[in-house]
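Since every read-out is calculated from the coordinates, none of them should be taken as a lab result. Note that the structure is predicted; figures quoted are calculated from it, not measured. With ideal geometry, Cβ positions are generated from the backbone for all residues, glycine too; neighbour counts draw on all protein chains shown.
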Amino acid sequence: MSRRNGFTLIEMLIVIVVISAVSLISIPSIRSAKLKSELRSSRTAVAGAYARARSAAIQYNRATIVAFNGTSVVVLATPRLVAAAGSTVDTVGRVNNLSVAYGVTVASTNDSLRVDPRGFGANTSAVTVRLTRAEFTDSVVIGAYGRLTQ
């Protein structure tokens, strides 16, 4: 009677082929899920910037602006707390580059969103921020009075 320890070469090759086939089938769906996840994260970042602008406007009793500069989103407050030459706004928080963080492109119907010191939107019409990553697109709509819809 012979004892068999381990696996044969044929058995190992069959396992490798099966694992390769399963991974080749699942790679497109994993890629798609990753792209959608990054798109949702960028949408949340835009909504978070607007929420940060509203809370800063109320907390400091100053008008704030969510500015879209290419693929960057930044919250600004005016007037400055401490006067500085050449600038009339303070930056609230950090500049969020959505292209670097999530790989998305940003297109907005307006270059900025304004919030008055009471926390209400001060835009003349709704602003749509369209986020695109590969073949997927998502958007955030902020109404004229500051209502956020995603």
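For the range 16-26, the criterion of a residue being out of contact with any Asp or Glu (no Cβ under 6 Å at 6 or more places or on another chain), in contact (Cβ under 8 Å) with a residue 12 or more places away in the chain, under 30 Å from Ser139 (Cα atoms) and in a helix (DSSP H, G or I) is satisfied by no position.
Of the numbered criteria (1) out of contact with any strand residue (DSSP E or B) (no Cβ under 9 Å at 6 or more places or on another chain); (2) buried (at least 19 other Cβ atoms within 10 Å of the Cβ), the one Ala21 fails is (2).
Looking across Thr124, Thr128, one residue alone is outside any loop (DSSP other than H, G, I, E, B) and surrounded by fewer than 18 Cβ atoms within 10 Å (Cβ to Cβ). It is Thr128. Cβ contacts < 6 Å: first residue free of Cβ contacts under 8 Å to residues at least 40 places away in the same chain and farther than 16 Å from Thr44 by Cβ, restricted to the range 118-145; second residue of a type in the set (D, E, K, R) and in a strand (DSSP E or B), any location; separation 6+ or different chain. Result? Listed pairs, sorted by first residue: Asn123/Arg114.
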